[in-house]
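The values are calculated or read from the model by the stated rules, or taken from the named source; none is laboratory data. Bear in mind the structure is a predicted one, so any value in this text is a computation, not a measurement. Every residue, glycine among them, receives a Cβ derived from its backbone with ideal geometry; neighbour counts consider all protein chains shown.
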Amino acid sequence: MIHALRYLYFLVIVRPVILIVIGLNVRRPNRLPKQGPAVVIANHNSHLDTMVLMTLLGMNRLKDVHPVAAADHFLRNPLMAWFSTKIIGIIPLDREVKGARRDPLAGICEALRQDKILILFPEGSRGSPEQRDEFKTGIAHIAKRFPEIGFTPVFMHGLGRSLPKGEGILVPFFCDVSVGQPIHWTGKKDSFMQQIHETMNRLESELNIPRWEATP
């Protein structure tokens, strides 16, 4: 029953909104993972980011796709927790790990062992519209544990205008998406993060974003 509800939600509501109301221009969608285990990493400006990536991954992969999202936000009440985990299919991540006795990456690791495709936003939270913040190094800890898994970088532009943080009204604004080659663990955190940073810069630059709204 839950699987059917999740499928219908994305088929009837999410896909029409993303493909018709907003619209997508995607470069190299063939680079997105066809199966798991895999990780998609992207910049984060809007709740629509997750919906776009899940739409691009397609309905035939929906059962294996899970966004990683902040537990303190998406589990803050029973109704949202049910919708987030059962319909969107999030894997909750505890952002406050100081003093914690359990592994904060346990849910992520278990999903990868089950051959899932995860969506991660390494900035940690939605930033200012169309401004990319520095990626946090948590993804390096995942890559170190799973050096055989590719991290597919995706840069998205436009969704920070459609539904920015703090806004509840959707404004149609075309979304440009650029997909890079999967990146694997380099053996060191600094070089891994540097490779991701450089790749995201290249993906952003090829979209020809107007100077006035480009990342500083």
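Details
- Taken as a whole, the structure places Asp115 among residues that are in a loop (DSSP other than H, G, I, E, B) and at pLDDT 95 or above.
- Residue match in segment 43-62 (condition: at pLDDT 90 or above, within 19 Å of Ile139 (Cβ to Cβ) and assigned to a strand (DSSP E or B)): no
- Of all residues in segment 75-94, those satisfying the criterion of being hydrophobic (A, V, I, L, M, F, W, C) and closer than 15 Å to Met54 by Cβ are Phe83, Ile87, Ile88, Ile90, Ile91.
- With respect to the conditions (1) in a loop (DSSP other than H, G, I, E, B); (2) farther than 23 Å from Arg113 by Cα, Pro33 falls short on a single one, namely (2).
Okay, residues lined up against (1) among the β-branched types (Val, Ile, Thr); (2) surrounded by fewer than 18 Cβ atoms within 10 Å (Cβ to Cβ); (3) at pLDDT 85 or above; (4) in contact with a Leu (Cβ under 8 Å, 6 or more places away or on another chain):
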{"site": "Ala69", "(1), (2), (3), (4)": "no, no, yes, yes"}
{"site": "Asp72", "(1), (2), (3), (4)": "no, yes, no, no"}
{"site": "Asn77", "(1), (2), (3), (4)": "no, yes, yes, no"}
{"site": "Ile90", "(1), (2), (3), (4)": "yes, no, yes, no"}
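- Checking each residue in segment 155-187 for being modelled with pLDDT under 65 and either among the β-branched types (Val, Ile, Thr) or surrounded by fewer than 17 Cβ atoms within 10 Å (Cβ to Cβ) (or both) picks out Lys165, Gly166, Glu167, Gly168, Ile169, Leu170, Val171.
- Residue selected from segment 1-21 under the condition free of Cβ contacts under 8 Å to residues at least 24 places away in the same chain and not β-branched (Val, Ile, Thr), by the criterion nearest to Leu53 (Cα to Cα): Pro16
- Test: residue in segment 36-59 that is surrounded by fewer than 12 Cβ atoms within 10 Å (Cβ to Cβ), of a type outside the set (Ser, Thr, Tyr) and free of Cβ contacts under 8 Å to residues at least 40 places away in the same chain: no
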